[in-house]
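Below is one structure; the comments refer to it alone.
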Amino acid sequence: MGSGPAFHRRSVKLQDIVLVVKFPFYRLSPLLFGALFLATIIAKLIHPGSATLALEVLGLHYEWAAGIVAGVTAMELYLGTILLLRHDLKYALQLSTATLLIFTAYLFFLSSLANPPSCGCLGLNGIFRSSREEAIWGLVRNCAMLWGLKWTYDCHFPRPADVGTNRLIRSDS
């Protein structure tokens, strides 16, 4: 019972060490996420059929599915561009997070199907033995990206309570 507060203090110190990164990776992370969104566009241009088929599972006609894929591609182009250009970074990170949450929810739906279609995410067609493995890998990848977006947002726009502490990297450092 007595080791609880001491353990908590050690874990808080360890968390502080992990969060305070001297290398300014957080400054490059919007560029990384922007490039990743643009890479998904290239993958969709090379293999557009799998993303369309994943929407046809919902019972959509091909024309509607192709239109939605075109809209998602335009959205990813927009997100990639504003992240690479760092134009209104706060808005870009928030919109990227919301968009990725929607993609993650759809991947969760696909992974819950008995025989899910390939989602066509990042051109990973044919790498996995089943589409379920591909959807689960997509969920893990999206959760890691969501965590990275949250970390980037917190580093660039810290809450007022965290600015004076060493819990986060300050924006001006």
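Just so you know, all these numbers are worked out from the coordinates, no wet-lab data involved. This one's a predicted model, so the numbers in the text were calculated from it and none came from an experiment. Note that each Cβ is placed from the backbone with ideal geometry, even for glycine, and that neighbours are counted across all protein chains shown.
Placing dummy labels 7 Å off each Cα toward the beta-carbon, the span from Arg132 to Phe25 is 3.4 nm. Stretched out straight at 0.36 nm per residue, the stretch from Leu77 to Arg141 would grow longer than its current Cα-Cα span by 21.1 nm.
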